[in-house]
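One structure is given below, encoded as structure tokens.
Since every read-out is calculated from the coordinates, none of them should be taken as a lab result. From a predicted model like this one, the values you see are computed outputs, not experimental measurements. Note: ideal-geometry Cβ built from the backbone for every residue, glycine included; neighbour counts use all protein chains shown.
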Amino acid sequence: MQPMFLKPVFKERIWGGTALQEEFGYEIPNDKTGECWAISAHPNGPSIIENGPYAGMSLDAIWREQPELFGNPKEEVFPLLTKILDANMDLSVQVHPEDTYAKVHENGELGKTECWYILDCIEGAEMIFGHNAKTKEELVEKMKEGKWTELLRRVEIKPGDFYYVPSGTIHALCEGTLVLETQQSSDTTYRVYDYDRRDAEGNLRELHLEKAIDVTTVPHQNAGVAPKVEERENVTITTFVESEFFTVYKWEVEGKTAFEYNNHYLLLSVIKGDGTLVHNSEKYPLTKGTHFIIPVGLGEFELNGELELIVSHA
């Protein structure tokens, strides 16, 4: 058994840029690359394993064919998706459904609760997080009258911030933001407002107001998180969130430290520094932008170097 390293999938977006190449050295398809699907088994962009006995296989195929690597899970589909987003321009204002609504209205798709770790942003950067409507009627009225300044809440952000974004939360990343996102494995987004932008053919991008109104939580519920910090030998572990969908940590490694996880698989993304992973005398290089999975039952492994990782599990 080995850690599984993954080849990312890249997505062109109207709001994308070149930060994924500049910050991580990825070979991106063009200068409008907005998303790196780093650890994905979603049919719209499954990751490919790069090493070991499963090299060349997609993560969704391994999930189906080798369930013991994931602890023989009950879920039919791989439940999580790790992305890096380059918001070179403002994203559309959007909201996501929860599982029950998505299953009915989106052909069995999962809902989408997500969270963001702010990797970098310009000075004074903001994001849209929530709304000011007290009732559904007020929400509908302000949407239809285009009173976006009155309706939308803006918050200032800085590198190192973490935000939990439950389904039903109106939100949008804004210009000049680079984010690592952990989310349910879903590609369903209801666009509420898009600054009247046009696509490459000159058409206004589609909005999904009826569905958005259906799923938006009113009034806005502020889903604050209280990080817990644990100091261990040569590593600081910050637990950002423990929810029904995922648990997300940051590991800050300085030197050599050992881990052992036998009860659940881990998704790991190196966001800073470099070092090595050692397992059964095998050494695997780790650099910024490396993404990998620790399968169930791998046993003890060691991280060595100066590293920061975002780590999650279902």
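Points to keep in mind about this one:
- Net charge of neighbours whose Cβ lies under 12 Å from the Cβ of E156, counting Lys and Arg as +1 and Asp and Glu as -1: 0
- Taking 20 Å as the cut-off, the amide N atoms of the stretch 256-284 that come nearer than this to a point 7 Å along the Cα-to-beta-carbon line of D120 belong to 269-275.
- Residue-by-residue Karplus 3J(HN,Hα) for the stretch 36-48, coefficients 6.51, -1.76, 1.60, Hz, glycine and proline x: 10, 7, 7, 10, 9, 10, 6, x, 7, x, x, 6, 10
- Simple Cβ-charge dipole of the stretch 4-215, Lys/Arg +1 and Asp/Glu -1, about Cα centre, in debye nearest 20: 320
- Note, ³J(HN,Hα) from phi for the stretch 162-168, Karplus 6.51, -1.76, 1.60, rounded to Hz, x at Gly and Pro: 10, 10, 9, 10, x, 3, x
- Pairs spanning more than 28 Å between alpha-carbon atoms, out of K11/K158; K32/K136; K142/K250; K32/K74: K32/K136; K142/K250; K32/K74.
- Projecting the Cα atoms of G297, N72, S185 onto the charge dipole of the chain, computed from C-beta unit charges around the Cα centre, puts S185 farthest toward the positive end.
- Rounded to 0.05, the FRET efficiency of the N51 and K74 pair, given R0 = 30 Å and the Cβ-Cβ distance, is 0.60.
- Sequence-separation-based contact order of the chain, relative, with Cα cut under 8 Å and 6+ spacing, percent: 18
- Sites N262 and E150 - FRET efficiency at Förster radius 45 Å, r taken between beta-carbons, to 0.05: 0.30
- Overall size of the stretch 228-313 from C-alpha positions, given as principal axis extents largest first: 35, 24, 24 Å.
- Near E231, once Lys and Arg are set to +1 and Asp and Glu to -1 for all other residues with Cβ below 12 Å from its Cβ, the sum equals -2.
- The HN-Hα couplings worked out from phi for the stretch 8-19 by the Karplus form 6.51 cos²θ - 1.76 cosθ + 1.60 (θ = phi - 60°) are x, 10, 10, 10, 6, 9, 4, 9, x, x, 10, 5 Hz, whole numbers, x standing for Gly and Pro.
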